[in-house]
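Input: a single structure, listed below in structure tokens.
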Amino acid sequence: MSTDATLANITDAEQGSSLWKDAWHRLRKNKMAVGGLFVLMLMCIAALLTPWLAPYSYEEQNLILGAAPPSAQHWLGTDTLGRDLLTRLLYGGRISLAVGFIATAVALLIGVLYGTVAGYFGGRIDAVMMRLVDILYALPFMIFIILLMVIFGRNILLLFLAIGAVEWLTMARIVRGQVQTLRQQEFVEAAVSLGLSQWTIISRHLIPNTLGPVIVYTTLTIPSVMLFEAFLSFLGLGIQPPQSSWGLLISYGVETMEEYPWLLIFPGLALSITLFALNFLGDGLRDALDPRTSKD
Amino acid sequence: MGRFILQRLLQAIPVLLVVITATFFLVRAAPGGPFSAEKAVPPEVLKALEERYQLNQPVLNQYFSYLGDLAHGDLGPSFRFPGRSVNEMIFAGLPTTAELGLYALLISMLLGTTAGVVAALKPNTAQDYIPMSTAMIGICLPSFLLGPLLMLVFGIWLEWVPVSGWGNIPGDKILPALTLASGYTAYVARLSRGGMLEVMSQDYIRTARAKGLPEWVVVIKHGLRGGLIPVVAFAGPAFAGLLSGSFVVETIFQIPGLGRFYVQAAFNRDYTMIMGTTVFFAALIILFNLLSDILAVWLNPKLRQQYSSHSG
Amino acid sequence: MALLEVNNLSTWFHTRNGVVKAVDDVSFSVAEGETLAIVGESGSGKSVCCYSLLGLIPMPPGKIESGTALFNGRDLLALSERELRGIRGNEIATIFQDPMTSLNPYLTIGEQLIEPLIYHRDMSRKKARIRAIELLDAVGIPRAEHRFDSYAFQFSGGMRQRVMIAMALIAEPRLLIADEPTTALDVTIQAQTLKLISELQTQRNLAVIFISHDLAVVANIADRVAVMKDGKIVETNTTTAIYSKPQHPYTQTLLKAIPDGGKVQQADIADTPLLEICRLKTWFNISGKKNTRSGKKDTRKKSDGSAKGSSANDHTVKAVDDVTLTIRRHEILGIVGESGSGKSTLGRSILQLVKPTGGSVKYGGDELTTLSRRQMKPYRRRMQMIFQDPYASLNPRMSVFDALAEPLLYHGLATRKTVLAEVLALMDDVGLAADSIRKYPHEFSGGQRQRIAIGRAIATKPEFIIADEPVSALDVTIQAQILELILQLVDKHNLTMLFISHDLSVVRYICDRVAVMHQGKLIESGATETLWHHPQQSYTQSLLAAVPSLQASHN
């Protein structure tokens, strides 16, 4: 076969559809998941552009106005100090989303590396590494983090680290399980018998095949992290004023909910909608990436 | 089985020791002593206080004497409430929290598994969508949001139920228990749906149907056991979650339980109290994880035999 | 008079991607005491056909579009779910393919056995227990009374299937549907199970519908055979007629695809050894985590068939035990053995995919067992492997091009510029259309996937290939094609091959020499036809006797 002929042949070749492409097609059919993705993108854009989008300045008080219900000037009303709630929600969202994404990224990084190493090398290395995870798992982290917050003050950086440090455990377990299963698959044995280097096997044959569950779990970790941050802030142990987050706004809202219910309802809505979006997206991704559904 | 339990109990000891040690040194590493937080205390008073709480001794000595006390079940005196011991405070709050937690656990397990199983029997129909969408709401409406909302709607606007307290007015236990249970009910529902779906697609379910068994026998006798194993395994972590959930719920509804004490202690920087409760909670959580592990093994005949055959 | 008469049955599945006519206008009948075999390849609709009668197909997406099924005068398809339930397990019983997954792992087998009696006969548990123990005894479960309270995992595969048979027969049904009841079993166990089924049938005057993909198995057990293809029955006739005078072209293809007889063209075998294996041992430690990663397959088999196995004590499995073997250039050497015999581990030990515990493997005179991973690399190019499961042996995220280009580029056998042409040449070699080069494994059928895997194995231009059950996951017609391809490639590229299989007919058809493995040891070897006609060891004799063969039906 001449090279020209082969090239001509290739341009005629049917474009195969990779599992990623298939998954994307399935995801697109899931209205809830697409809706979740859309809402999430809106939220992220709003968070990135907050300084330009926010109608008022973050600290601008209007004590004469006080707490006012939603109006044309203040779409979501104002708080007891007359601060614009929409502005505060936008700024709070930045923090909430940042905590969610950054802490998850920390968990992702540690978990994937740790899990891959343990699963790939197996044997004693795996036994020791997973025993450590078991012990850490048994620790009541939620309580530890509260302790940390109490002792070292409410530092955002510490919060990222602390939450990330908890969430990586599950990620490590998932990745390790995946790698271990894959390690026994014949295609990995085939790669070994082809003489490929360990690094090539890990990067080309193992990691791409673990990505499905990792993506799903990541999507579901973000809301649980955000929830945890909100939980701490609600108790007064998370984000500290003058910074704000949705959890903190909710806790203020609760104090005055009898007189000014909108101060509770809007931050609550913001948090819930984001959680909904992330969970629907996560569920949709799970269905789309599940190899069992990909066969039909 | 006995050996398995013993093995797990032995494993729990280092974990508990890690918790105690970490807690102890974290508290000692805190910037500023427990008495330097607010206004300046006269040096002689400070000295007397430090002597009283043995803070003037070398840290290691303090550590070992703390361990020694713990071995006797003594969690030490409270820094903030002179004259009261941590033990007293824990046992003052425990019954309330335990009652609240028990209700929530019961609600979440019963309601959650029922919803999950019902949904799994007819997947992708209304019978599936309705409970599962409700569960999604349970997951996305955290207790610190749901609690106040329930309070606002049913307590303040509709005035159907009391809005705070515990055991004073009839019906005042409803909202806190529901609030605490909601998230876990939802998780349990999702888990049991997943578990049941998995099991109901197994070959042995087809065998049971091929034998002409009534559908309820197929579901309950052949399906439920395997389907609920994930739920059982989740019960341990769920308990830990309920415990921390009680911090919020007790704060919102002003319930004088352990959770509220803990949050107050955290605010007051009552270090011995925080330490004591942390150790106490940790021990409880480890215990519940142990129970849920044992139950999961016991439910699975294969694992059960594995562990008993090793012991002889 | 027929006990069951099915007329014009159609079962369709309404999926998102359109309607699948799983069963399309099918008619057949079974009389009392008669065995009807329904034969077909995977996806032919043979199982759906029988499950439709019992209401065991998931609806939706399944739907019975038309037809009648008169059983004892009643139309099964017109019955309510409740009435049908009264027939299932009572008058019509079923045995399924995989006895491991078909028994409930959470309930004792006794509990599962007595259920039909309790729900169909209102029998007391005590009485039911006595009946169950009698029946367990009758199907050949030793110490039945003690085993009543055991769980499924405590039995070996063959014993589990006996339990399934007892469970099916306990309510004394008139019709038994056996869906590939011996496919998951080893050949000797298969022979025993088939014998048991026909004995019970004669005793009880049972009607049996025997669903199978294996014409050879069916030949020995059925009175009549129906051949199914794409949801339709293409031919029904008496067993003798089907095998001696097949009418339909598909039946003829099926029969021709069964490997029968010895290798037609003997290879030109040089007398120089390529591989010398001496006292090779590969032992696994079960309790410890050591070696589990490659040894898992065998340890799992071990725990399944806990009765057999080759363990010295509780913790060591001697998967390969003191094997000495020479493979000569250009020969195809077959390794046969039942599950757990250590044949796969032997192959992997030769390639150093599993580190042997002791002994030596010499390749062209070079010792392999002492080499490091790095030192092994040049040998890896020269020795390749073809795996059993075409679904697991290809990376699902790599296209055909990626899979075939990887070894070429990695071993420097092609450059970025020439790799495309090389890949296309390989695809041509293994019979894959060039326009599927960008496709991914899940877009191919099992047979085509196995072609890709074979292409990958020959990409590095190896001298020696180990084929580990390369056709056992494939349908018989596809199997014939792949065997043909393997013979072709061996000839064309002057390959030496170690062909591992549990299927003696396949081995006989393709191998020049055969070695028999049992419990980790190599017990006998020799030229294929010599071994076939004059087996020395009693194990080999029993193995060969158990092979279902078409010849049997002609007598």
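Pairing the Cα long axis of helix C:125-138 with the longest principal axis of chain C, what angle in degrees results, from 0 to 90 and rounded to the nearest 10?
50
Round to a whole number: what % of the accessible area of the protein assembly as shown belongs to carbon and sulfur, probe 1.4 Å?
Carbon with sulfur: 58 percent of the solvent-accessible area.
Tell me, what is the FRET efficiency for C:T188 and B:E50 to the nearest 0.05, using R0 = 56 angstrom and their Cβ-Cβ distance as r?
0.10
³J(HN,Hα) across segment A:262-278 via Karplus (A = 6.51, B = -1.76, C = 1.60, θ = phi - 60°), whole Hz, x for Gly/Pro?
Per-residue couplings from phi come out as 4, 5, 8, 5, 5, x, x, 4, 4, 5, 4, 4, 5, 4, 4, 4, 5 Hz.
Determine how many Å³ per residue the convex hull of the Cα atoms of segment A:28-184 encloses.
Value for segment A:28-184: 168 Å³ per residue.
What residues from segment C:460-476 fall in the zone where the backbone N is under 19 Å from a label point 7 Å along the Cα-to-C-beta line of C:T272?
Correct set: C:461-465.
Given a Förster distance of 45 Å, report the FRET efficiency between C:D223 and C:K126 from their Cβ-Cβ distance, rounded to the nearest 0.05.
With a Förster radius of 45 Å, E is 0.70.
Hey, any idea what Rg/Rh is for segment B:94-225, computing Rh the Kirkwood way over Cα pairs?
That ratio equals 1.11.
What do you get when you divide the Cα radius of gyration of chain B by 2.2 N^0.38 Å, with N the number of residues?
1.23
For chain C, find the longest principal axis of its Cα atoms and tell me its angle to the long axis of helix C:292-304, 0 to 90°, nearest 10.
Relative to chain C, helix C:292-304 is tipped by roughly 30 degrees.
Less than 20 Å apart at the alpha-carbon level, and either on another chain or at least 8 residues along: which aspartates and glutamates does that give for C:K355?
List returned: A:D126, A:E186, A:E189, C:E276, C:D298, C:D321, C:D322, C:D366, C:E367, C:D468.
Can you give me the relative contact order of segment B:94-225 as a percent, contacts being Cα pairs under 8 Å and 6 or more apart?
Normalised by residue count, the contact order of segment B:94-225 is 35 percent.
Between C and B, buried accessible area summed over both sides at probe 1.4 Å, in Å² to the nearest 100?
Rounded to the nearest hundred, the buried surface is 2400 Å².
Let me know the Rg and Dmax you get for chain C when you use only its Cα atoms, in Å.
Values for chain C (Cα only, Rg and Dmax): 25.2, 78 Å.
Got a sec? What order do C:R143, C:R74, C:R224, B:R225 fall in by accessible area at 1.4 Å, biggest, i.e. largest, first?
C:R143, C:R74, B:R225, C:R224
Quick one: buried accessible area between B and A, total over both chains, 1.4 angstrom probe, nearest 100 Å²?
3600
Let me check something: with ligands and nucleic acids excluded, how do A:K31, A:K21 order by accessible area (1.4 Å probe), largest to smallest?
Sorted descending by solvent-accessible area, the residues read A:K31, A:K21.
Placing unit charges on C-beta atoms (Lys and Arg positive, Asp and Glu negative, everything else neutral), compute the dipole magnitude of chain B about its Cα centre in debye, rounded to 20.
Here chain B has a charge dipole of around 1000 debye.
What nm distance separates the two modelled labels at C:V264 and C:Q537, each placed 7 Å from Cα along Cα→Cβ?
Label at C:V264, label at C:Q537, 3.2 nm between them.
Amide H to amide H under 5 Å from C:G337: which residues, 5+ apart in sequence or cross-chain, H placed 1.01 Å off N in plane?
Excluding prolines and chain starts, which carry no amide H, the hits are C:S501, C:M517.
So, for chain C, what is the accessible surface per residue at a probe of 1.4 Å, expressed in square angstrom?
Accessible area per residue: 40 Å².
Roll a 1.4 Å probe over the protein heavy atoms and report the accessible area of A:W20 in Å², nearest 10.
A:W20 exposes around 90 Å² with every protein chain in place.
At 222 nm, what value in deg cm²/dmol follows for the protein assembly as shown if DSSP H runs of at least 4 each add -39500 (n - 2.57) and the sum is divided by all its residues, to the nearest 500?
Using -39500 (n - 2.57) per qualifying helix, the result is -18000 deg cm²/dmol.
Using alpha carbon centroids, what distance separates segment C:327-362 and segment A:108-146, in Å?
The distance from the Cα centre of segment C:327-362 to that of segment A:108-146 comes to 37 Å.
Please check segment B:237-274 for residues whose accessible area, probe 1.4 Å, is lower by 40 Å² or more when all protein chains are in place than in their chain alone.
Residues losing area: B:S244, B:F247, B:V248, B:Y262, B:A266, B:F267, B:R269.
Can you tell me the order of B:78-85, C:225-232, B:102-109 when each peptide is scored by its average per-residue count of other Cβ atoms within 10 angstrom, highest first?
Order by mean packing, descending: C:225-232, B:102-109, B:78-85.
In degrees between 0 and 90, to the nearest 10, how far off the longest principal axis of chain A does helix A:141-152 point, with axes built from Cα atoms?
With both axes taken from Cα atoms, the answer is about 50 degrees.
Which residue, A:I95, A:G115, A:I163, has the largest displacement toward the positive end of the dipole of segment A:60-175 when charges sit on each Cβ (Lys, Arg +1; Asp, Glu -1)?
About the Cα centre, the residue reaching furthest to the positive side is A:G115.
So how compact is segment C:486-552: Cα radius of gyration and Dmax in angstrom?
12.9, 38
Would you mind checking which residues have amide H under 5 Å from C:E524's amide H? H placed 1.01 Å from N; only 5 or more apart, or other chain.
Close amide H contacts, sequence-distant or interchain: C:V516.
For segment C:2-256, what is the Kirkwood hydrodynamic radius in Å, using each pair of distinct C-alpha atoms?
One decimal place: 18.8 Å for the Kirkwood radius.
Treating cross-link reach as a plain straight distance, find the aspartates and glutamates whose alpha-carbon is under 14 Å from the alpha-carbon of B:K221, omitting any fewer than eight places away in the same chain.
C:E111, C:E115
Run the quick spin-label model on C:T240 and B:V18: label points 7 Å from Cα toward the beta carbon, then report their separation in nm to one decimal.
7.6
Please give the per residue accessible area of chain B, computed with a probe of 1.4 Å over protein heavy atoms only, in Å².
So chain B comes to 45 Å² accessible per residue, rounded to a whole number.
Send over the per residue convex hull volume for the protein assembly as shown, Cα only, as a whole number of Å³.
219
Where the centre of each part is set by its Cα atoms, how far does segment B:98-161 sit from segment B:211-267, in angstrom?
After rounding, the separation between the Cα centres reads 12 Å.
Could you let me know the centre-to-centre spacing of segment C:148-198 and segment C:1-27, using Cα atoms, in angstrom?
27
Do any of C:K343/C:K377; C:K362/C:K461; A:K31/C:K63; C:K461/C:K521 go past 26 Å between their Cα atoms, and which?
Exceeds cut-off: A:K31/C:K63; C:K461/C:K521.
Please give the contour-minus-distance gain from C:E367 to C:H248: 0.36 nm per residue of separation, less the Cα-Cα distance, rounded to one decimal in nm.
Extending this stretch completely gives an extra 37.4 nm.
Per Stokes-Einstein, at 20 °C and 1.002 mPa s, what whole-number D in µm² s⁻¹ belongs to segment A:18-289, with the Kirkwood radius over Cα pairs as the hydrodynamic radius?
Rounded, D is 104 µm²/s.
Counting only protein heavy atoms and rolling a 1.4 Å probe, how much accessible area do C and A lose on contact, total for both sides, in Å² to 100?
Using a 1.4 Å probe on protein heavy atoms, the buried area is about 3900 Å².
To the nearest 0.05, what FRET efficiency results for A:N155 and B:Q264 with a Förster distance of 25 Å applied to their C-beta separation?
0.70
With a cut-off of 8 Å between alpha carbons and a minimum separation of six or more residues, what is the relative contact order of segment C:1-128 in percent?
In percent, rounded to a whole number, it is 24.
Span-like helices, chain B: DSSP H, alpha-carbon axial extent 27 Å or more, mean Kyte-Doolittle -0.5 or greater, which ones?
Going by DSSP H runs, the hits are B:2-28, B:86-121, B:174-200, B:229-252, B:271-299.
Could you rank A:W246, B:W157, A:W24 by how accessible they are, 1.4 Å probe, largest area first?
In descending accessible area the options line up as B:W157, A:W24, A:W246.
Just to be sure I understand: of the beta bridges DSSP finds with both ends in the protein assembly as shown, what percent are antiparallel, rounded to 5?
60
The values are calculated or read from the model by the stated rules, or taken from the named source; none is laboratory data. Every value quoted in this text rests on a predicted model; they were computed, and no experiment measured them. For neighbour counting, all protein chains shown are included, and Cβ atoms are generated from backbone atoms with ideal geometry for every residue, glycine included. Please note that ligands, DNA and RNA were not included when accessible areas were found on the heavy atoms of the full protein model with its side chains. Shrake-Rupley method; radii C 1.70, N 1.55, O 1.52, S 1.80 Å.
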